[in-house]
Amino acid sequence: LRLTLQLIDGRTDEHLWAETYDRKFKDALTLQRTVAEQVVAAIGGTLSPAERDVVEQAAPSNPEAWDRYVHALALYRANWNTEADSDQIEALLTEAIALDPRFALAYAIRANARIWRIASDPGTPEQQAEASADVERALALQPGLPDALAARGLYQTYVALDPVRAIEDLQRALDIEPRDARARNTLGILLADRGNTADAIAELTLAVEIDPDLPAHVAPPA
């Protein structure tokens, strides 16, 4: 596999960086980490320790697991809203986890999908336990993973009904991954419920700027 990349400043057309990578196809997934680190260096940026951990642990070892994950993620980010979509997302992530049991991101996104289903319908104790187990497994595999922190924040919002802990987890997740529109929207709703109107409006406005097609979220139980 040969991968040739160029980094160009879209405002000035200035050529900033270029690199060609020759790898065996089975090593292609490791390119994510290499490319991310070199692009950050090329634009003069720095990664925080938490961001570096995410980059270093992002890719699974199994390409087939990665294939299932990216298909599920595409559905999840496409504002799915039907039971069939939810079932397909969960099935794809379950296959990814079976192929790579240490795939923290797959556990985290499956937890998110399961929790959003519970948000509309409280579900059974078994469904709630499955969502919680996914969150804890993701964090055990990759402490500080923003998707897992966001999922735990959602769990605290809709299942455990602990808004204080939910706000803490969502803010931690957004410190690492500020463009998670769903997490930011939920944080805005929680802040509004607690009377913090100014911050709530700021969070909700930014969430819509990030994702104009953001679906309507369910308000947390009173």
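The values are calculated or read from the model by the stated rules, or taken from the named source; none is laboratory data. Predicted model, so just to flag it, every value in this text is computed and none were measured. Neighbour counts are summed over all protein chains in view; Cβ atoms, including those assigned to glycine, are modelled from backbone coordinates with ideal geometry. When the accessible area is computed, the model is the full protein with side chains, heavy atoms only, and any ligands, DNA or RNA have been set aside. Shrake-Rupley method; radii C 1.70, N 1.55, O 1.52, S 1.80 Å.
Observations on the model:
- Solvent-accessible area per residue for segment 161-201 (1.4 angstrom probe, square angstrom): 51 Å²
- Cα-based shape type of the chain, given that a ≥ b ≥ c are square roots of the gyration tensor eigenvalues and the cut on a/c is 1.5: oblate
- Within the assembled protein chains, the solvent-accessible surface assigned to W116 is about 30 Å², based on a 1.4 Å probe.
- In this simple spin-label approximation, T197 and I8 carry label points 7 Å from Cα along the Cα→Cβ vector, and these lie 4.9 nm apart.
- Between segment 120-149 and segment 4-21, the alpha-carbon centres lie 39 Å apart.
- Sulfur and carbon atoms: percent of accessible area, the chain [1.4 Å]: 52 percent
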